[in-house]
């Protein structure tokens, strides 16, 4: 784990997901032949007619961390979340949730975990059309055997949390797409899961509704501090939401890092292409580019800059100290002045519009 993060809520080590005939045996043979080279193993499997959808995935998610996995279509990001939630059986490797090896857990134990500990939200809402919002949200609690009164109370609590108060008695057909997705989120939160899996939950929504739900999601996470694995193909969404990001290509994790690390220090051209059009000043912090003190420096006065400031905000703060600069027309005549702070403010406005 990165320095400063607590023990892992989720720890994946050497996870493989291979599709095809006799995947476990073929994978074992390929690993024996190629050693630890995941790319070579995948090539051997491909020659044998098998597909290595997830290749030797190793990562950890800290308690309370929002961990985003992203990649292009076919990169393996949705497959890996199904492996670590055990919606499909991983071919090899280990997945520990709070130290428990869930790949070795019985089906009964997995049912208990999904009922009490794990929350899941997917792209398609999966609401029951004949149930009201409150009934949909309370359904997992009904499966736990809770009575009608506590079910309703908890449903109303999470409905308010996702901003749907007043719609408790509405049916899914009476809701917008964004509202239906909020119901799906509320339903997954009803059992108060410790760990939350979300597979492209906003990708089917219009851009404006998507941004609004991202904002609501961040508010919910700030309140609940869940351990989250969030799947997306959208770099802007990943940078907005994530504490850390894992980028996948052809079933392999090619880089894990904070948003600033992904934007400023991509490991290769594939990662660099993702962030090519990203306004780096909005995501990178001053702490990621500053030079640490050596002890020989001497400064006077108090600095307004903080390590947590974005580069844009830091630049705007710095240029406040400079005088206005004259601006000339095409003939060289001075026609006005511009203050550096106005330039920084205008740049920030255009990038964030």
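Where does region 77-191 land on the Kirkwood hydrodynamic radius, alpha-carbon pairs, in angstrom?
With all distinct Cα pairs of region 77-191 included, I get 15.3 Å.
Expected output is a single nm value to one decimal: the length gained when fully extending between residue 47 and residue 331, i.e. 0.36 nm times separation in residues minus the C-alpha distance. What is it?
95.4 nm
Report for region 164-304 the percent antiparallel among DSSP-assigned beta bridges with both residues inside it, nearest 5.
50 percent
May I ask you to derive the FRET efficiency for residue 37 and residue 131 from their Cβ-Cβ distance with R0 = 45 Å, giving the value to the nearest 0.05? Spell out each step's value before the answer.
On the way: r = 51 Å, r/R0 = 1.13.
Taking R0 as 45 Å, the efficiency between residue 37 and residue 131 is 0.30.
What do you get for the angle between helix 340-352 and the principal long axis of the chain? Use alpha-carbon atoms, 0 to 90 degrees, nearest ten.
20 degrees
Please work out the ratio of the alpha-carbon Rg of region 1-149 to 2.2 N^0.38 Å and round it to two decimals. Mind dumping the intermediate values first?
Details: Rg = 18.3 Å, N = 149, 2.2 N^0.38 = 14.7 Å.
Relative to the rule-of-thumb radius for its length, region 1-149 sits at 1.24.
Given 5 Å bins starting at zero, what is the percent of C-alpha pairs of region 66-120 in each, up to the one with the largest pair distance?
Reading upward from the zero bin: 4, 17, 28, 25, 15, 8, 2.
With springs only between Cα atoms under 10 Å, which of 198, 118, 305 fluctuates most in a Gaussian network model of the chain?
Maximum among the listed residues: 305.
Using Cβ counts within 10 Å as a stand-in for footprinting exposure, how do 197, 19 rank, fewest first?
Numbers: 197 23, 19 14.
Sorted ascending by nearby Cβ count, the order is 19, 197.
If you wrap a convex hull around the C-alpha atoms of the chain and split its volume per residue, what is the figure in Å³?
Measuring per residue, one finds 220 Å³ for the Cα hull of the chain.
Tell me the label-point distance for the pair residue 254, residue 338, using the 7 Å Cα-to-Cβ offset, in nm and rounded to one decimal.
Those two pseudo-labels are separated by 3.7 nm.
Using R₀ = 30 Å, calculate the FRET efficiency as 1/(1 + (r/R₀)^6) where r is the Cβ-Cβ separation of residue 224 and residue 291; round to 0.05.
0.20
Tilt of helix 177-189 relative to the longest C-alpha principal axis of the chain, in degrees (0 to 90, nearest 10)?
60 degrees
Can you work out the PRE-style zone for residue 204? Point 7 Å along Cα to Cβ, and I want the residues of region 117-145 with backbone N under 18 Å.
120-133, 136-137
Per 0.36 nm of contour for each residue apart, how much would the distance between residue 153 and residue 303 grow if the chain were fully extended, relative to their Cα-Cα spacing?
Full extension from residue 153 to residue 303 adds 49.0 nm.
Could you work out how far helix 38-47 tilts from the main Cα principal axis of the chain, as a 0 to 90 degree angle to the nearest 10?
Its long axis makes an angle of about 50 degrees.
Provide the FRET efficiency to the nearest 0.05 for the residue 265-residue 165 pair, computing r from the beta carbons and using R0 = 35 Å.
Working from the Cβ atoms, E equals 0.20.
Just to be sure I understand the model, the point goes 7 Å from the Cα along the line to the Cβ. What's the resulting residue 272 to residue 72 distance in nm?
Between residue 272 and residue 72, the simple spin-label model gives 1.6 nm.
Which whole-angstrom value gives the distance between the alpha carbon centres of region 104-159 and region 76-90?
That distance is 21 Å.
No value in this document is a laboratory result; all are computed from the given coordinates. Remember, predicted model here, so these are calculated numbers, not experimental data. Cβ: placed from backbone, ideal geometry, glycine included. Neighbour counts: every protein chain shown.
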